[in-house]
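A.B. asks: Dropping the structure in here first, questions after.
The values are calculated or read from the model by the stated rules, or taken from the named source; none is laboratory data. The structure displayed is predicted, hence computed values, not measured ones. A quick note on method: Cβ atoms are made from the backbone with ideal geometry, for glycine too, and the neighbour counts reach across all protein chains shown.
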Amino acid sequence: MTKTLYIVRHGQTELNKRGIVQGRGMDTDLNDEGRKQAGQFFAAYKQVPFDKIYISELKRTQQSVQPFIDLGIPFEKLAGLDELAWGIHEGQPATTENKAAFLQLMRDWLDGKLDSKFEGGESPNEVKARQIEALKVIMGHPEEETVLICMHGRAMRLLLCLLTGKPLTEMDTFPHQNLVLYKVICDGDKYEIVDFNNAEHLKNS
């Protein structure tokens, strides 16, 4: 079974623009720039014969791929594709204190402390567990040969580790911005990234 996954991060939201953490608990809309990015991505990839679209349960992912859904391509929401929950820090403006807290959490993760999390939030290991369940759904349909997945920045980094067999401590080796593309091919045995952090479609006016 060969399956091609087009994995994108959602378009920009106002909180993205302002540098405020969203996470799983913030169900925000795309802003004008995000809607423009969605249009640019659609213009570049509308000819791809997607068999199915998978999105998270947060509306910013559906808004990012709505033009494809409007073509009649079936879609499904999977909680396993939701963003990592940042708990008490979601929606909070950046301060010296919470910047320090984020830096410490990132250090913990790099040091292999993958159960570390903020109060009310999720750890990388918890996100990985639900991503494994989401992958069972996505990969359980061999008839869906070409799939579009729209999700979230931190969660996408964790998923790419999961697909490529990298430890989660290496999540930051996968850069991203809003509506950037990672194209992954699965031959039934292993996953290979054939298009890495592609933002070419965003350069068109």
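A.B. asks: Would you mind stating whether residue 125 is over 15 Å from the mean Cα position of the chain (by Cα) and under 30 Å from residue 87 (Cβ atoms)? Before the answer, list the steps.
C.D. replies: Numbers: over 15 Å from the mean Cα position of the chain (by Cα): yes; under 30 Å from residue 87 (Cβ atoms): yes.
Taking the combined requirement at face value, the residue satisfies it.
A.B. asks: I want to confirm something. Restricting to the stretch 54-82 and keeping residues that are acidic (Asp, Glu) and out of contact with any Ser or Thr (no Cβ under 7 Å at 6 or more places or on another chain), which single residue is nearest to residue 125 (Cα to Cα)? Reasoning before the result, please.
C.D. replies: Looking only at the stretch 54-82, we keep the residues that are acidic (Asp, Glu), and these are 57, 70, 76, 82.
Still in the list and also out of contact with any Ser or Thr (no Cβ under 7 Å at 6 or more places or on another chain): 57, 70, 76.
Details: 57: 20, 70: 35, 76: 24 Å.
Among those that are acidic (Asp, Glu) and out of contact with any Ser or Thr (no Cβ under 7 Å at 6 or more places or on another chain), it is 57.
A.B. asks: Considering the stretch 23-49 alone, what residues qualify as being buried (at least 22 other Cβ atoms within 10 Å of the Cβ) and not small (Gly, Ala, Ser)?
C.D. replies: Let us first name the residues in the stretch 23-49 that are buried (at least 22 other Cβ atoms within 10 Å of the Cβ), namely 23-24, 30, 34, 37-38, 41.
Once the filter is applied, which keeps residues that are buried (at least 22 other Cβ atoms within 10 Å of the Cβ) and not small (Gly, Ala, Ser), the stretch 23-49 yields 24, 30, 37, 41.
A.B. asks: Report the residue count in the stretch 103-119 for those that are free of Cβ contacts under 8 Å to residues at least 40 places away in the same chain and small (Gly, Ala, Ser).
C.D. replies: Count: 1.
A.B. asks: Looking only at the stretch 50-91, count how many residues are surrounded by fewer than 16 Cβ atoms within 10 Å (Cβ to Cβ) and on the phi > 0 side of the Ramachandran plot.
C.D. replies: 2
A.B. asks: Out of all the residues in the stretch 146-186, which are touching a residue at least 60 places away in the same chain (Cβ under 8 Å), surrounded by fewer than 20 Cβ atoms within 10 Å (Cβ to Cβ) and not hydrophobic (A, V, I, L, M, F, W, C)?
C.D. replies: Across the stretch 146-186, the qualifying residues are 146, 153, 169, 172, 176, 177, 183.
Okay, residues lined up against (1) basic (Lys, Arg); (2) over 25 Å from residue 142 (Cβ atoms); (3) touching a strand residue (DSSP E or B) at 6+ places or on another chain (Cβ under 8 Å):
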{"site": "34", "(1), (2), (3)": "no, yes, yes"}
{"site": "48", "(1), (2), (3)": "no, no, yes"}
{"site": "68", "(1), (2), (3)": "no, no, yes"}
{"site": "85", "(1), (2), (3)": "no, yes, no"}
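A.B. asks: Given the conditions (1) on the phi > 0 side of the Ramachandran plot; (2) surrounded by 15 or more Cβ atoms within 10 Å (Cβ to Cβ), and given that residue 201 satisfies all but one, which numbered condition is not satisfied?
C.D. replies: Among (1) on the phi > 0 side of the Ramachandran plot; (2) surrounded by 15 or more Cβ atoms within 10 Å (Cβ to Cβ), the lone unmet condition for residue 201 is (1).
A.B. asks: Another question, then. From the list 41, 68, which residue is closer than 19 Å to residue 144 by Cβ, at pLDDT 95 or above and hydrophobic (A, V, I, L, M, F, W, C)? Steps first, please.
C.D. replies: Working: 41 fails: closer than 19 Å to residue 144 by Cβ.
One residue alone meets the criteria, 68.
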